[in-house]
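For reference, the structure is listed below as structure tokens.
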Amino acid sequence: MTYNILYILFYDKIRLFLLCYNEDIYIPYTVNYYKNKFSDIKITILDNFSNDKSFDIIICRNALHYINIDKTLSEFNRLIKNNGKILISQVIPPDDALSSEYDKLIGRNIHYPTNSEIIDYIKNYVNNVDNVNVTFSKHRLNINKWLDNTLPTLDKKQIIINKYYNTSDKYKSIANLKINDDIFVDTVHAFYIY
């Protein structure tokens, strides 16, 4: 049996697929960033699909903080076959109440959606939200290594490191923040299947 799979993701060393909604700032930045980082990367920009109900599986990996969630889920709903499955994998703030602080710590003028926000969006496209399978996974993240891989200059890295030193006690507790030679936090990865 052959499956049609649409894979929307932020980062993959082999291919980068982007579902494009005229994101004039994000798309060129991302394309240039990955072309510079991986000389052999193949980038596919997917836009305005014409075939409704054409995919068996849609996977969206760690991309919701870069795209218009409502437009994207609407497009997923149009593209997914009647018995198809949608998998959304997304890093989320460790607690919904810490959303604003989490976004400031990331330091990129983007919003990482909370679990509640993602569920609210999904509700618009499913008959019964109880049919959405949600699981969570915690991972220990070395902030210094993450910054080495994601920020180009030492100045910008130091600004974010300073934010972690000065973050709230509540965030430090919930994210199990530990500072020694490096900064470590627990990150939460959520998986939504419907």
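Could you list, ordered by first residue, the pairs with Cβ atoms under 7 Å in which the first is in the stretch 89-100 and within 16 Å of N176 (Cα to Cα) and the second is among the small types (G, A, S) and part of a strand (DSSP E or B), at least 6 apart or interchain?
I92/A190
Looking at D130, is it exposed (fewer than 13 other Cβ atoms within 10 Å of the Cβ) and either touching a Phe, Trp or Tyr at 6+ places or on another chain (Cβ under 7 Å) or closer than 30 Å to D52 by Cβ (or both)?
yes
Out of the residues in the stretch 139-194 that are in contact (Cβ under 8 Å) with a residue 60 or more places away in the chain and more than 21 Å from the chain's Cα centre (by Cα), state the one that is surrounded by the most Cβ atoms within 10 Å (Cβ to Cβ).
Taking the candidates together, the pick is T167.
Please work out if T135 is under 19 Å from Q90 (Cα atoms), surrounded by 15 or more Cβ atoms within 10 Å (Cβ to Cβ) and within 22 Å of the chain's Cα centre (by Cα).
Answer is no for this residue.
Can you name every residue in the stretch 101-118 that is touching a residue at least 40 places away in the same chain (Cβ under 8 Å), in a loop (DSSP other than H, G, I, E, B) and open to solvent by 30 Å² or more (accessible area, probe 1.4 Å)?
Across the stretch 101-118, the qualifying residues are G107, I110, H111.
Consider the stretch 81-130. How many of its residues are among the hydroxyl-bearing types (S, T, Y) and closer than 18 Å to I193 by Cβ?
Number satisfying all stated conditions: 4.
The values are calculated or read from the model by the stated rules, or taken from the named source; none is laboratory data. Keep in mind that this is a model prediction, so the values were computed, not measured. With ideal geometry, Cβ positions are generated from the backbone for all residues, glycine too; neighbour counts draw on all protein chains shown. For accessibility, only protein heavy atoms count, side chains too; no ligands or nucleic acids. Shrake-Rupley method; radii C 1.70, N 1.55, O 1.52, S 1.80 Å.
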